[in-house]
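One structure is given below, encoded as structure tokens.
The values are calculated or read from the model by the stated rules, or taken from the named source; none is laboratory data. Since this is a predicted model, take the numbers as computed values, not measurements. Reconstructed Cβ throughout: ideal geometry from the backbone, glycine too, with neighbour counts over all protein chains shown. Heads up: the accessible areas ignore ligands, DNA and RNA and are worked out on the full protein's heavy atoms, side chains in. Shrake-Rupley method; radii C 1.70, N 1.55, O 1.52, S 1.80 Å.
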Amino acid sequence: MIDQRLKSVVRDVYDFPQPGIVFKDITPILKDPALCKAIVDAFEARLQADTIDVVAGIESRGFLFGLMLAQRLGKPFVPIRKQGKLPYRTVAQSYALEYGEATIEVHEDAFNAGARILIHDDLLATGGTVAATSQLVQRLGGLVAGYAFIISLDFLKGKERLADYSTQVVSLAAY
Ligand SMILES: O=P(O)(O)OC[C@H]1O[C@H](OP(=O)(O)OP(=O)(O)O)[C@H](O)[C@@H]1O
Ligand SMILES: Nc1ncnc2[nH]cnc12
């Protein structure tokens, strides 16, 4: 099972990036090409591709599998970036996450109004990051088609914040 394979390689790092946080380090996954392929296979199997027009991936760890997933589904990829990184005109949204606050941006012409956007990130914690991304999608006239995470920290209740946007929530390894 993919969840056991993931849990056997994802590494807990204590007190990173600040005291009290147990950080899930996904970098060991990246050293295993077969596991990387299995992640994209599992997303493809569990997502309803005919409900998705565009895959949006969130900087920075959401870029690693986001473009691979978009390629597999044959869909465009849109980068959601931290403030000040995108060169063209942007819309921005501030938010709180498990260990701080941040602002994310998307290009204002990233997708057409009415497009159905799958939001991908490596990990769901409090849900602040993907809730802010969902608001960006809606502000540009997009529809949230669903969410795809490699890991979810379900004890932080992030999934509850997503229910208003979409019920399609795929998480390959839940803690
Ligand atoms: O559900 P939340 O509480 O919002 O937390 C989840 C977010 O935190 C991490 O990103 P981080 O902001 O650390 O950036 P990085 O991907 O650049 O390391 C992770 O990759 C998610 O984007
Ligand atoms: N505990 C955690 N591990 C890795 N990434 C995170 N993003 C938010 N919380 C996290």
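Each peptide in 57-66, 92-101, 132-141 gets a packing score, the mean of other Cβ atoms within 10 Å over its residues, and the list from highest to lowest is 57-66, 132-141, 92-101. Computed over the alpha carbons of segment 48-174, Rg followed by Dmax gives 13.1, 38 Å. Full extension of the chain between ALA49 and LYS31 gives 3.7 nm of extra length, using 0.36 nm per residue less the Cα-Cα distance.
Please work out the FRET efficiency for the pair SER8 and PHE155, using the Cβ-Cβ distance as r and a Förster radius of 22 Å; give the result to the nearest 0.05.
0.65
Using the Cβ-Cβ distance between VAL40 and SER60 with R0 = 30 Å, the FRET efficiency computed as 1/(1 + (r/R0)^6) comes to roughly 0.95.
Within the listed set LEU67, LEU30, LEU118, the Gaussian network model of the chain (springs between alpha-carbon atoms below 10 Å) gives the highest mean-square fluctuation for LEU30. With just the Cα atoms defining each centre, how far is segment 143-175 from segment 67-83? Give it in Å. The distance from the Cα centre of segment 143-175 to that of segment 67-83 comes to 18 Å. Comparing THR129, THR27, THR51, which has the greatest mean-square fluctuation in the GNM of the chain with Cα pairs linked when under 10 Å apart? Fluctuation is largest for THR27.
Rounded to the nearest percent, how much of the accessible area of the chain (1.4 Å probe, protein heavy atoms only) is carbon and sulfur?
Values: 4230 of 8400 Å².
It is 50 percent, rounded to a whole number.
Ligands, DNA and RNA excluded, the heavy atoms of ASP41 present near 50 Å² of accessible surface to a 1.4 Å solvent probe. Are there DSSP H segments in the chain that both extend 18 Å or more along their axis (alpha-carbon positions) and score a mean Kyte-Doolittle hydropathy of at least -1.0? List them, or say none. Those that clear 18 Å and a mean of -1.0 are 33-46, 61-73. In this view, the solvent-accessible surface of LYS159, computed with a 1.4 Å probe and all protein chains in place, comes to about 80 Å².
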